[in-house]
Amino acid sequence: VEVASLTEAIAAQGWATGVEVFNDTFALLRSGLDEWRGVAVVCGAGINCTGVLPDGRTARFAALGHISGDWGGGGHLWQEAMWWAARAEDGRGPDTALCSALPAHFGLGSMAALIEAVHLETIPEERCLELTPVLFEVADAGDPVAAAVVRRQAEEVVALAVAALRRLDALAEPMDVVLGGGVLTAGHGLLLDTIGDLLQREAPLATPRVVAVPPVAGAALLGLDRIGAPIAAHERLRDHYRGSP
């Protein structure tokens, strides 16, 4: 319904003779592939997935957070890290290095102080996203609690990709799974290795590919597709976002 309403609203502006509205999963998919066939999983502030086939079949998800069955993304992971750290400090949960690493990131001495600062918005929510990389650093250092959270994120990424492949009846076909968004392009070894292992087990013919270009590149490629631009134009665009002269 939002795609329909946005299409109508943009068309009413008269900016172009034709309008197509896609979310960032479609842009990621196009930026990573030349053929309109594959699965894209975006894990940035939130998490979403789309799968497409050349015959027009599409697998999509609402991606509205908890109410639509989602788990993960940077906006969720920092809260999950704080949940475990808070319980470690007050005795309700297992010990974890997150308990000291999270408040230390903001120069604070305890989780109690961090919880107070977040609650009173002394630390604004946009800065709380800085705690997600801290979670990955603690996990990479071998902390079992942090590592379990990272592995759970990997499971969610693979669950989305496999569900999309299953809905497209494509589990038995070779298929690229394009991974993008800040969480997936940051190069976290534990996360990416676990995704690779799980995907190999659940969809052996699927190949994960990390694509670290901004979604606007895919949007521009979709626009070039729409007007039938020559391959050279596509390559110039790709070179630009690859940083080529």
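The figures follow:
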{"item": "Condition check for ALA217: closer than 16 Å to VAL178 by Cα, open to solvent by less than 70 Å² (accessible area, probe 1.4 Å) and either at pLDDT 90 or above or in a loop (DSSP other than H, G, I, E, B) (or both)", "result": "yes"}
{"item": "Region 220-245 - residue that is surrounded by 16 or more Cβ atoms within 10 Å (Cβ to Cβ) and of a type in the set (A, V, I, L, M, F, W, C) and, of those, farthest from LEU165 (Cα to Cα)", "result": "LEU237"}
{"item": "Residue tally, condition surrounded by fewer than 18 Cβ atoms within 10 Å (Cβ to Cβ) and assigned to a loop (DSSP other than H, G, I, E, B), over region 170-212", "result": "9"}
{"item": "In region 141-156, residue surrounded by the fewest Cβ atoms within 10 Å (Cβ to Cβ) [restricted to those that are over 13 Å from THR96 (Cα atoms) and free of Cβ contacts under 8 Å to residues at least 60 places away in the same chain]", "result": "GLU155"}
{"item": "Selection from region 66-96 of residues that are over 30 Å from GLU173 (Cα atoms) and open to solvent by less than 30 Å² (accessible area, probe 1.4 Å)", "result": "GLY74, GLY75, LEU77, TRP78, ALA81, MET82, ALA85, ALA86, ALA88, GLY93, THR96"}
{"item": "Residue match in region 74-81 (condition: among the charged types (D, E, K, R) and within 24 Å of PRO124 (Cα to Cα))", "result": "yes"}
{"item": "Residue check for LEU131: without any contact (Cβ under 8 Å) to a residue 60 or more places away in the chain, under 19 Å from the mean Cα position of the chain (by Cα) and surrounded by fewer than 18 Cβ atoms within 10 Å (Cβ to Cβ)", "result": "no"}
{"item": "Residue identified as of a type in the set (Asp, Glu), closer than 21 Å to GLY180 by Cα and either at pLDDT below 95 or not in a helix (DSSP H, G or I) (or both) among GLU126, GLU137", "result": "GLU126"}
{"item": "Residue in region 19-42 that is farther than 19 Å from VAL177 by Cβ and either free of Cβ contacts under 8 Å to residues at least 60 places away in the same chain or assigned to a strand (DSSP E or B) (or both) present", "result": "yes"}
{"item": "Long-range neighbours under 6 Å by Cβ, at least six apart or interchain, first residue in contact (Cβ under 8 Å) with a residue 12 or more places away in the chain within region 46-63, second open to solvent by 30 Å² or more (accessible area, probe 1.4 Å) and assigned to a strand (DSSP E or B)", "result": "THR50/ARG60; VAL52/THR58"}
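For every residue, the table says whether it meets (1) at pLDDT 95 or above; (2) assigned to a helix (DSSP H, G or I).
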site	(1), (2)
ALA62	no, no
GLU80	yes, yes
ALA85	yes, yes
ALA88	yes, yes
ARG92	yes, no
ALA104	yes, yes
GLU121	yes, no
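The values are calculated or read from the model by the stated rules, or taken from the named source; none is laboratory data. Since we're looking at a predicted model, the values are computed, not measured. When we count neighbours, we look across all protein chains shown, and the Cβ atoms used for this are built from the backbone with ideal geometry, even at glycine. These accessible areas exclude ligands, DNA and RNA; they are computed on the full protein's heavy atoms, side chains included. Shrake-Rupley method; radii C 1.70, N 1.55, O 1.52, S 1.80 Å.
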